[in-house]
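Engineer: Okay, handing you the structure first.
Here, each number is a calculation from the coordinates, and none is a lab measurement. Worth saying up front: this structure is predicted, and the values here are computed from it rather than measured. Here the Cβ is made from the backbone with ideal geometry for all residues, glycine too, and neighbour counts use every protein chain on show.
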Amino acid sequence: MPVETKTSYKQAINIIKKMNQKDKVKLANYINEITLKDWLIDFRKRMKNIPITFDEITEIVEEVRQARYESSN
């Protein structure tokens, strides 16, 4: 017979704080897997009325890359 328990957000945070770094990374990856699709769908809905081209996105990405490269040297 399966046992079901309820864990509050605060309890979950306390459990996570006690985990080692490797397990925290595994948990973060798992959470990303189960939430990324919904986040992406929501993001696309919010950006629907904001016109931006692929070229504009590429230009912004290149500017950020250049700024990060310059700040790391």
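Engineer: In deg cm²/dmol and to the nearest 500, what is the mean residue ellipticity at 222 nm of the chain if only DSSP H runs of at least 4 residues count, each as -39500 (n - 2.57), divided by the residue total?
Structural biologist: -26000 deg cm²/dmol
Engineer: Enumerate by residue number the GluC sites (Glu not before Pro) in the chain meeting two conditions: DSSP loop (anything except H, G, I, E, B), and at most 16 other Cβ atoms within 10 Å of the site's Cβ.
Structural biologist: Taking the chain and a limit of 16 other Cβ atoms within 10 Å, the loop GluC sites (Glu not before Pro) found are E4.
Engineer: As I understand it, the value is the acute angle between the Cα axis of helix 9-18 and the longest principal axis of the Cα atoms of the chain; what does it come to in degrees, rounded to 10?
Structural biologist: So the inclination is approximately 90 degrees.
Engineer: Through the Karplus equation 6.51 cos²θ - 1.76 cosθ + 1.60, θ set to phi - 60°, convert the phi angles of region 56-67 into ³J(HN,Hα) values in whole Hz; use x for Gly and Pro.
Structural biologist: For region 56-67, the Karplus-derived couplings read 5, 4, 4, 4, 5, 4, 5, 5, 5, 4, 5, 5 Hz, x marking Gly and Pro.
Engineer: Among the lysines, which have Cα under 27 Å from the Cα of K22 when same-chain residues fewer than 8 positions away are ignored?
Structural biologist: K6, K10, K37
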